[in-house]
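Working notes, structure below.
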Amino acid sequence: MLKRNIIWFQVDSLRPEFLDTSTNESDNKTFLDKLVSKGDFFSNCISAAPYTIASEISIFTGLYPHVHGVDGWFKTSPESIKKNIITFTDILKDEGYYSTCIYESAVRAYVPPYSFDEYHMLEPGIRFPLDKFGNCKTNKFLFCQFSGIHDDCIRLKGKYTKGDYRKSLEKISEKIEILYNSLCGESDIIIIASDHGVRCVDELEGDHRENVTGRYLTDKTIKACFSILTKESLEKFTIHDDLVRTLDIVPTILDLANLKPLRAQGVSLKSIICDEQVPNKIPIPKHVISQTGGMLTSPWVPDTWSVRTKDWKYVLTKLESKEGKSFKKELYNLVEDEFEVNNLYGIDNGIAKELQTILDVEVFDYKVDILDFYKDNLEEHRQILKSRTYPLVLQMKITYKN
């Protein structure tokens, strides 16, 4: 079976509510609005972390941060990734793909650089180096990350409004339009996704003061989205509001492309996309765990965790004081309280207890043995790791201009 090229446009801090996925034709629609309105759009996708490095590593490994090891802002990739973990590009390398990563404004390797043939970290305004990728005759994977929303938010230092967000998104849309028209074919698999969100200052909020991007676990920062376009899906636009995870994106792509699976915590969503019953299919979890920590004023390690279901969110924050350790506990009904203003902990502790148990079992008491994920096919696991490559040079701050 012919393998398909994979083109991935990753928009840092993209939130679903800023995309116009309505069926109405409008001159105000951006190219990005029109693009995500052609495929399968997952509008309720929760990130494993509200900051880039832990989120991106989780996406490429299909594992939660406490499992893959990059669980704080000051951790590094690939040095902090635990041994024996396979990434998306390791599988693509084994399947014969030529892989290119282009990352705007990166100061370190946010995406694990294993098995990429090219890995570029660029200053803003630098032309994307796509000559080798464009001339490659084998199957190809391209990951392009756009940092405009995040960069503008940081530049405006706590004054970033919803209007500013839309302007940032319009600029990114223009870049994606150029790349899409020059690179993408009808048989390619196209992904538009985000790693996490970001809060604007003119939005309501509860007790959280989002002065530092990625410090809290409000829906504005952990709720992401993604869209998958294939030649089969271009005829039917579908919005899926199922609760899914960024961990599920890569397993879904591999399944749609008929490639080897990523044996991890993420699961394929192909059955949702194709509306089919799959025998012995691993069920899609009805909850998502997120964590944060290691963000400027917070500890080196995670100190805040959440469990998000479709209707509820439970947040646990570790507090340190002279008197010792304690925990702040929050519970929000997301159906009635979109902005997480009314903390119901102490009022409805039955739900809180249920969600705390999930944290205990899946995070605090979880014993990690990476090889357990590959125990059914250890020989294939060894072969994939044996063929893994690491770029000799991470090309940072390329200086040539348009």
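Assorted remarks:
- Options Ser99, Gly148, Gly125, ranked by Cα towards positive dipole end of region 85-152, top entry (Cβ charges): Ser99
- With Rh defined as the Kirkwood radius, the inverse of the mean 1/r over Cα pairs, the Rg/Rh of the chain is 0.94.
- The value of relative contact order for the chain, using C-alpha pairs under 8 Å at least six residues apart, is 26 percent.
- Summing charges over neighbours of Leu204, with a neighbour being any other residue whose Cβ is under 11 Å away from its Cβ, gives -4 when K and R count +1 and D and E count -1.
- Scattering curve values for region 140-196, log₁₀ I(q)/I(0), Debye with Cα scatterers, q = 0.12 Å⁻¹: -0.36
- Packing-based order for 334-342, 108-116, using average beta carbon neighbours within 10 Å, highest first: 108-116, 334-342
- Across region 253-389 the C-alpha pair distances fall into 10 Å bins from zero in the proportions 9, 28, 29, 23, 10, 1 percent.
- Rg and Dmax [Cα atoms of region 1-135; Å; Rg one decimal, Dmax integer]: 16.7, 50
- Alpha-carbon Rg/Rh ratio, for region 91-232, with Rh computed the Kirkwood way: 1.00
- As a rough guide to protection, the peptides 7-20, 362-375 ranked by mean Cβ packing within 10 Å, highest first, stand as 7-20, 362-375.
- Protein heavy-atom accessible surface, 1.4 Å probe, per residue over the chain: 45 Å².
- Approximate shape of region 112-173 as ellipsoid semi-axes (Cα gyration tensor, √5λ), whole Å, largest first: 30, 12, 10
- Counting every C-alpha pair in region 31-106, the share spaced more than 15 angstrom apart comes to 65%.
- Over the chain: helical MRE at 222 nm, DSSP H runs n ≥ 4 each giving -39500 (n - 2.57), nearest 500: -6500 deg cm²/dmol
- Overall, the accessible surface of the chain at a probe of 1.4 angstrom is composed of carbon and sulfur to the extent of 50 percent.
- Difference of contour (0.36 nm per residue) and Cα-Cα distance, Asp369 to Glu170: 67.3 nm
The values are calculated or read from the model by the stated rules, or taken from the named source; none is laboratory data. Not measured: the values here are computed from a predicted model. A quick note on method: Cβ atoms are made from the backbone with ideal geometry, for glycine too, and the neighbour counts reach across all protein chains shown. In case anyone asks, the SASA skips ligands and DNA or RNA and just uses the protein heavy atoms, side chains included. Shrake-Rupley method; radii C 1.70, N 1.55, O 1.52, S 1.80 Å.
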